[in-house]
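Notes follow the structure.
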Amino acid sequence: MNIQDKQYMLRAIELAAKGGGWTNPNPNVGAVIVKDGRIIGEGYHERCGQLHAERNAFANLTEDASGATIYVTLEPCCHYGKTPPCTEAIIEHNIARVVIGSRDPNPLVAGKGAKLLREKGIVVEEDFMREECDKLNAIFFHHITTGKPYVAMKYAMTLDGKIATRTGASKWITGDKAREHVHTKRSRYAAILAGIGTVLADDPMLNARIDNAHQPVRVIVDTSLRIPMDSNIVKSAGEYKTIVACKSLEQPDKQIEKKNQLEELGITVVELPLVDGHVSLKSLMEYLASQGLDSVYIEGGGQIHESALKEGIVNHVYAYVAPKIFGGSEAKTPVEGVGVSVPDECAKLILTDTSVLGEDILLEYEVKGGMNDVYWNS
């Protein structure tokens, strides 16, 4: 691996990450143009519908790009969408060499972009720092290949596995750095989901409280439509797009009147089938996908986490662990419900990353199995 090539691709990765959340459902992509050992242009895909990374890099050129190399974290597109093909811009600027990180699984691209560039006599190198580049777009890769949202589950717990004390107090388990990191993650996902239990217990806002943050759509799973009209979620519905998922409502039902009141405030109330007495999370994910939402960040309590794992919708887990011990057999844990009867029925995880955030530790896992024999991703 050429040291300079690595340096330029690392810069492209750094640029790509700036689009996190804003580009959904498009991928995060960065591009760097280099000529005679100098960066002469760089850019990234900033928002869905706006210029792609390569075209932004060309728009920022400081000199003619003929004979230059472009480093791009994802295979350049070769089709017309909301913007013209990036391969067209690469060819027009007489680029001599293209270094690509990730391959694009989008059937409209999928190797066609690299093939077209080679046919035009351009040197194309693929899979350069692919692992690092792939990490930018776990959400996009999952959504474009399955049509389903990429679902992450987050919780903060003590070293003895408690998310609250025996009295239900939970503020704060983790420190400032970990909580800031959570808000960054919220901004990366298209939607944030919590159960009605969390709303009733904590009265959260479920927004991303960092500067210039992309705000996720708030989704509340509220089977019996118990959400208080004076809750923070309802009171801020005019500022943040909000969806409440409940069971099918029938006349004459006082809940119909409440549904109408919520909708008058701008909240979308969607009626969905039940599973084990609660809103089907699989059906909810299908609905969210139909609304163009490519990713969901679950930040609820033990009941919603148990349901998500049982229904097999979870792809990723963020577990923040604080150096504290609460104790107590009645203190709440990250996953509640009945639990499995034997170890082999457990949800199986693969550790993908660890981070130190002040005094806390973040453990990240990919989910490879659910808590039963039926998996949504199988």
Test: L363 is among the aliphatic types (A, V, I, L, M), part of a strand (DSSP E or B) and touching a strand residue (DSSP E or B) at 6+ places or on another chain (Cβ under 8 Å): yes
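Conditions tested, residue by residue: (1) open to solvent by 40 Å² or more (accessible area, probe 1.4 Å); (2) modelled with pLDDT under 95.
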| position | (1), (2) |
| --- | --- |
| R209 | yes, yes |
| I220 | no, no |
| L225 | no, yes |
| A237 | no, no |
| T242 | no, no |
| L249 | no, yes |
| K259 | no, yes |
Failed criterion for I192 (all others in (1) in contact with a Gly (Cβ under 8 Å, 6 or more places away or on another chain); (2) outside any loop (DSSP other than H, G, I, E, B); (3) among the aliphatic types (A, V, I, L, M) hold): (1)
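Would you mind stating whether A57 is in contact with a Ser or Thr (Cβ under 7 Å, 6 or more places away or on another chain) and either modelled with pLDDT of 95 or more or over 23 Å from S295 (Cα atoms) (or both)?
When the stated conditions are applied, A57 does not pass them.
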Subset of the stretch 263-299 [open to solvent by 20 Å² or more (accessible area, probe 1.4 Å), closer than 22 Å to G339 by Cα and either assigned to a loop (DSSP other than H, G, I, E, B) or in contact with a Cys (Cβ under 8 Å, 6 or more places away or on another chain) (or both)]: D276, G277, E299
Selection from the stretch 85-117 of residues that are of a type in the set (V, I, T) and farther than 16 Å from F141 by Cβ: T87, I90, I91, I95, V98, V99
For L200: the one exception among (1) assigned to a loop (DSSP other than H, G, I, E, B); (2) aliphatic (A, V, I, L, M); (3) surrounded by fewer than 18 Cβ atoms within 10 Å (Cβ to Cβ): (1)
Selection count, the stretch 310-337, where residues are open to solvent by less than 20 Å² (accessible area, probe 1.4 Å) and either among the aromatic types (F, W, Y) or at positive phi (or both): 3
Criterion (over 19 Å from E306 (Cβ atoms) and assigned to a loop (DSSP other than H, G, I, E, B)) met by exactly one of A178, A169: A169
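Please go through the stretch 14-37 and pick out each residue that is assigned to a helix (DSSP H, G or I), surrounded by 21 or more Cβ atoms within 10 Å (Cβ to Cβ) and touching a residue at least 40 places away in the same chain (Cβ under 8 Å). I'd like the intermediate steps shown before the answer.
Initial filter on the stretch 14-37 (assigned to a helix (DSSP H, G or I)): 14-17.
Within this subset, residues satisfying the condition of being surrounded by 21 or more Cβ atoms within 10 Å (Cβ to Cβ) are 15-16.
If the condition is that a residue be assigned to a helix (DSSP H, G or I), surrounded by 21 or more Cβ atoms within 10 Å (Cβ to Cβ) and touching a residue at least 40 places away in the same chain (Cβ under 8 Å), then A16 is the only one that fits.
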Conditions (1) open to solvent by less than 50 Å² (accessible area, probe 1.4 Å); (2) assigned to a helix (DSSP H, G or I); (3) more than 10 Å from L74 (Cα to Cα): number failed by V98: (2)
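So that you can scan it fast, the table gives a plain yes or no per residue for (1) farther than 21 Å from I243 by Cβ; (2) free of Cβ contacts under 8 Å to residues at least 40 places away in the same chain:
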| site | (1), (2) |
| --- | --- |
| H278 | no, no |
| I298 | no, no |
| N315 | no, no |
| V321 | yes, no |
| G327 | yes, no |
| V342 | yes, yes |
| E345 | yes, yes |
Lone qualifier among K162, K177, K171, K185 - being under 12 Å from the mean Cα position of the chain (by Cα) and open to solvent by 20 Å² or more (accessible area, probe 1.4 Å): K185
Filtered residues of the stretch 249-262 (kept if among the polar types (S, T, N, Q) and not in a helix (DSSP H, G or I)): Q251
Residue under evaluation S307, criteria (1) crowded, with 20+ Cβ neighbours inside 10 Å; (2) at pLDDT 95 or above; (3) of a type in the set (S, T, Y), criterion not met: (2)
Residue that is least open to solvent (accessible area, probe 1.4 Å), among those in the stretch 338-367 that are within 18 Å of the chain's Cα centre (by Cα) and over 25 Å from P323 (Cβ atoms): V367
Which listed residue is β-branched (V, I, T), closer than 17 Å to E125 by Cβ and touching a Cys at 6+ places or on another chain (Cβ under 7 Å), from T23, T87: T87
Lone unmet requirement of (1) of a type in the set (V, I, T); (2) farther than 21 Å from R11 by Cα; (3) modelled with pLDDT of 95 or more for T146: (3)
Matching residues in the stretch 125-159 - criterion: being assigned to a strand (DSSP E or B) and either within 24 Å of H183 (Cβ to Cβ) or open to solvent by less than 40 Å² (accessible area, probe 1.4 Å) (or both): Y150, V151, A152, M153, K154, Y155, A156, M157, T158
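The values are calculated or read from the model by the stated rules, or taken from the named source; none is laboratory data. Computed from a predicted model, the values in this text were never measured in an experiment. Here the Cβ is made from the backbone with ideal geometry for all residues, glycine too, and neighbour counts use every protein chain on show. Heavy atoms of the whole protein, side chains included, go into the accessibility calculation; ligands, DNA and RNA do not. Shrake-Rupley method; radii C 1.70, N 1.55, O 1.52, S 1.80 Å.
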